[in-house]
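The values are calculated or read from the model by the stated rules, or taken from the named source; none is laboratory data. None of the values given here were measured: they were computed from a predicted structure. Positions of Cβ are backbone-derived with ideal geometry, glycine not excepted, and every protein chain shown enters the neighbour counts. Quick note on the areas: whole protein, heavy atoms, side chains included, nothing else; ligands and nucleic acids left out. Shrake-Rupley method; radii C 1.70, N 1.55, O 1.52, S 1.80 Å.
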Amino acid sequence: MDHLTMTSTSENALDHHDDHDASSPALPPMIPGCDPHDGAACLELIEVLTARAGDVQRRVLGEVLAMNAGTDYLRRFLGDGGEADAAAFKERVPVVEYEDVKTYIERIANGAPSSLISSKPITELLTSSGTSGGQPKLMPATEEELDRKTFLYNLLVPVMNKYVEGLDEGRGMYLLFVKPEITTASGLVARPVLTSYYKSRHFRRRPDSPYTRYTSPNEAILCPDSRQSMYAQLLCGLARRGEVLRAGAVFASAFLRAVKFLEGHWRALCDDIRAGRADPAVVTDAACRDAVDAVVSRPDPDLADAIAAECSVGSWRGIVRRLWPRTKYIDVIVTGSMAQYIPLLEFYGGGLPLVSTMYASSECYFGINLRPLDRPEDVVYTLLPNMCYYEFIKVEKDGEEIRDGEVVDLIDVEVGGYYELVVTTFTGLYRYRVGDILQVAGFHNAAPQFRFVHRRNVVLSVDTDKTSEDDLLRAVTAAKPLLDPLGCVLAEYTAYADTSSIPGHYVLFWELTPPPPSPASARVMAACCAAVEAGLDAVYRRCRSRDRSVGPLEIRAVAPGAFDALMDLCVSHGSSVNQYKTPRCIKHPDAIAVLEHRVVGRFFSDAVPHWEPLKVDAAAADT
Ligand code: AMP
């Protein structure tokens, strides 16, 4: 998704210490200025950055080390001797995970100086959807990093313009949302990366241009009440129906949630269009309502009738195309765990291309898709070499670490190889394992292009929740004692994310032995569902309770022998009998079908799990 804005060019120009030979183009500044209206210049910039990927990466590492040599973190490994070189960095600074740097970040959250990890002030903390100890991981962010993000966003439209004409002749209908934030003990704000970006001046005060015109006013995007925000944004999207050239959200799950919301609210939305104002009983946020009323500024019964006519057709196949007939594509991420939503998007989109434009995280924004109209399964991301310093741990196909697996540089990865991404950022992360497994699909100039394979350890995901086998085991273990009154035990379990309806939900197959007396067990089983949910991490619980982007967890009790049948199936597909272990998550339709045929009872969580915004551990306070 793109949020275009012009930004000042960083002063940290690389040119002054450029060692290129006369035949290659000069290196651009570290954060190049990029005017999306000058498409040719933006595309040329991509060519230069990728052609000189190795040089750019060397400069990035040099800059990070020069800037941060005095931080406590780097001094711990590199000593006080001033600037270190790349060789010393790789030899002495360890590859780390969040747990290794958590105390540094939490100390900053509690008032310790940024110089623990960064010479530039840490201005906020970004709450990742990856969790540690059940709570979102916190990633450091600096003011300058917003320029770097803006630079990446600015490249998206010129790339798209290469493939789709006329995007300047209307608006983008992007359904974008902010999430709650907290203020840490030291006064730093902690919030998700997109909330941070949408609240920044880079987004709010983006210069007006045909490419930055969205159907949603900023006030609707920034409305803290997610229901009102959704209602307001859909109302504006419908009111500006004739102008919409592209529709989207960040992730596929969010876009489908909007379609579902529309299914439930189109009559009220049409009433508002007919009346020429947002219903004040629904949109109570004054700033949001004023902004929406300025869009829906006059009664338009004809438009309301036309929308109602489309929405009242029995099947919603192709509804996006029917409601917004000028739309050229749906701009949502459909790679990684979001691929499960492709069939539904194709259904509602009526064949509109699905476009995954970028690959980014709370740690850093990484790359863009240079061939946005490629089919979802063919999407590859080109990592932009100026965003951070990249390294790659060679892994097995399934993401399993290879003992003493090599760590290689960006330009040294091999086509076909599987790697885990490691980054050194401008914001204070050094040789940090992001947890994503990528496969090299090819090269664009000297820069590799990656297919997103999966996230390490994640077995279940519906929205931004990321549940590992361990998380699931812990939650199931916590729920098991509730079975005691039934006199039975949990013999086997496995799970899958059911995304056939919106919102999706987790399904657990449980084989209980001895089988419980069914009428008496319904209450206990519902309580088990709720207990499993209560035991899952904070991001899952936020999706369930605040965002409502995940539906109630379901346990399907299966008949005795069901898991033997699953084993038989796995063995028939090539698993070794001796080494067989029940998979804790299943995806293959045949595996799901084997258990599904043996379901004897279905139970849903009867309680929304408790969630409250992150608490930064006060015990880690430094001041
Ligand atoms: P977060 O840390 O919550 O910002 O989530 C970032 C993570 O989302 C990444 O590390 C990936 O696992 C996932 N992600 C982001 N962009 C994409 C993409 N284009 N395709 C697949 N997964 C993605």
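With a 1.4 Å probe and every protein chain kept in, tell me what percent of the accessible surface of the chain is carbon plus sulfur. Spell out each step's value before the answer.
Details: 12120 of 24200 Å².
Accessible surface attributable to carbon and sulfur in the chain totals 50 percent.
As a test of the formula, what do you get for the chain when each DSSP H run with n ≥ 4 contributes -39,500 (n - 2.57) and the sum is divided by the residue count, at 222 nm and rounded to the nearest 500 deg cm²/dmol? Each step should come with its number before you reach the end.
Numbers: 20 runs with 217 residues, N = 623.
So the calculated ellipticity at 222 nm is -10500 deg cm²/dmol.
Ranked highest first by average number of other Cβ atoms within 10 Å, how do 413-420, 482-489, 505-512 line up? Walk me through the intermediate numbers first.
Working: 413-420: 17.9, 482-489: 14.6, 505-512: 24.6.
In decreasing order of mean packing, 413-420, 482-489, 505-512 become 505-512, 413-420, 482-489.
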Q) Could you sort Lys260, Lys162 by accessible area so the largest value comes first, with the probe set to 1.4 Å? A) Lys162, Lys260
Q. Per residue, how much accessible area does the chain have with a 1.4 Å probe, in Å²?
A. 39
Q) Given H placed on each backbone N at 1.01 Å, which residues far from Thr142 in sequence or on other chains put an amide H within less than 5 Å of it? A) Thr123
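Mean Kyte-Doolittle of at least 0.0 plus a Cα span of 24 Å or more along the axis: flag which DSSP H helices in the chain meet both, please.
Numbers: long enough: 143-161 (29 Å, -0.25); 252-275 (32 Å, 0.17); 518-535 (26 Å, 0.91).
Result, helices passing both filters: 252-275, 518-535.
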Q: Leaving ligands, DNA and RNA out of it, work out the accessible area of Glu97 with a 1.4 Å probe and give it in Å² to the nearest 10.
A: 80
Q: Would you check the accessible area of Arg240, probe 1.4 Å, heavy atoms only, in square angstrom rounded to 10?
A: 50
**Q.** Inter-part distance where the range 374-390 and the range 513-585 are each reduced to a Cα centre, Å
**A.** 35
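Starting from the eigenvalues of the Cα gyration tensor, five times each then square-rooted, give me the equivalent ellipsoid semi-axes of the range 364-466, largest first, whole Å.
Values: eigenvalues 68, 64, 47 Å².
In descending order, the three semi-axes are 18, 18, 15 Å.
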**Q.** Rounded, prolate or oblate (a/c below 1.5 giving rounded, otherwise prolate when a/b exceeds b/c) for the chain by Cα gyration tensor
**A.** oblate
